[in-house]
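None of the figures in this text is laboratory data; all of them are computed from the coordinates on show. Keep in mind that what you see is a predicted model, and the values were worked out from it rather than measured. Positions of Cβ are backbone-derived with ideal geometry, glycine not excepted, and every protein chain shown enters the neighbour counts.
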Amino acid sequence: MTKLGKLTRVALFSFAALMIMTLAACGNKPSAATETKTDETIKETNYFPAIDRYLVNEIGKFYADGEHCVPIHSIVTVDERNGEDILVWGDFWVFKYNQVGDTLKCVSGGSHPGRMHIRQTENGFDVTGFDQVEDGSNNLPSAKKIFGDKYDAFQTINSDDEARERLRAEGLAVYAKKHNLSVTMYQDYGWPAKMLPPVD
């Protein structure tokens, strides 16, 4: 786990509260979040509330308190052949913010790439387990073990700083609108505030 109590720079972000990036065989391809939803797309988006709950409740509790906990994730791929153990590989993040005036200021956060185990229930979905990539000298070996033949796909997503920063900003804007927050900017510690994009 990489904790950033006071962020000196936060560039590696992803957002998938309503949006995800999936990797097609020929390269990165955005999900159909903004396109006409197929039955499979609708079903896949149902994973996200369960993932968000897990990130907020089980991962977010280890970070410094903030007024707003915003989980973010970029999905590498999903294996849903077993409804009792749906596998979701992704780059998962948790960030906490305080609202100061019209700005959401990041106070803590970190990255948690890995593979989530999700069970389909009558009421939706529950996360039953999480295989996390380890820190330090075990980072690379554990990442390759968890992602397996999906490791290159994970690296492609994880290394796209510009796309993740854009998705982060869009996600925060959606979050702010959903929660009726009077904010127009977000800011990482030690860096200038940035404008939130408009939300339709």
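Highest mean first, what order results for 183-194, 132-143, 62-73 on Cβ atoms within 10 Å?
Packing order, densest peptide first, comes out as 62-73, 183-194, 132-143.
With no solvent and one equal point scatterer placed on each C-alpha of region 75-200, evaluate the Debye formula and give log10 I(q)/I(0) for q = 0.12, 0.14, 0.21 Å⁻¹, two decimals.
Scattering profile of region 75-200, log10 relative to I(0): -0.60, -0.78, -1.16.
Compare the peptides 94-103, 165-174 by average per-residue count of other Cβ atoms within 10 angstrom and give them in order, highest first.
Per-residue Cβ counts within 10 Å, averaged per peptide and sorted highest first, yield 165-174, 94-103.
In region 127-200, if every C-alpha pair distance is counted and binned at 10 Å from zero, what percent goes to each bin?
16, 31, 28, 24, 2
Can you tell me what the convex hull of the Cα atoms of region 62-144 projects to on average, as an area in nm²?
7.3 nm²
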